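See below for the structure under consideration.
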Amino acid sequence: MKETRLIKMLAAGAACAMALSAASAQDTSTTTSTTTGTTGVSTSTSTSDLSGSGTITTYTPGSDYIMFRTETSTAPVKYYYTKQTTLLDPEGHAVEWSMLRPDMPVTYTYRKDGDRMVVTKVTLTKPVSSYEKKETTTTTTTSP
């Protein structure tokens, strides 16, 4: 009897520790809505916004996903985006999706939608102008 109680207490403690470590690793905000049906049954739906940061590894215009390599993982992770996904520069101004390039550091907010992670906002950590490629042409002439 005492062993069973001890095992239950240890399991509960381990579950709390895991939940606490997961909560401290991510910024979340939860929205819950409750609807009461005509039968007196209430249902609630919960969505959480999660935040992350990393570097863009893959982005193809016209596709429905973008891949980031997070600071804690070496393997890129696929995130899906929608028409409602916003792309911002560090000052909060909208940026065109065509400006995205691999190796850009970003922070992002996403939601889990079933087995997919859907990005709701991507914020560049550096201004777009710092990524612009500047080309110079040098012409040399020789005397005959």
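Name the single residue, out of those in segment 105-137 being open to solvent by 100 Å² or more (accessible area, probe 1.4 Å) and at pLDDT below 70, that is nearest to VAL95 (Cα to Cα).
GLU132
Considering only segment 53-77, how many residues are over 13 Å from LEU100 (Cβ atoms) and either of a type in the set (A, V, I, L, M, F, W, C) or at pLDDT 90 or above (or both)?
Number satisfying all stated conditions: 7.
The values are calculated or read from the model by the stated rules, or taken from the named source; none is laboratory data. Everything numeric in this text was worked out from a predicted model, so none of it was measured. With ideal geometry, Cβ positions are generated from the backbone for all residues, glycine too; neighbour counts draw on all protein chains shown. Ligands, DNA and RNA are stripped out before the accessible areas are found, and what is left, the full protein with its side chains, is counted by its heavy atoms. Shrake-Rupley method; radii C 1.70, N 1.55, O 1.52, S 1.80 Å.
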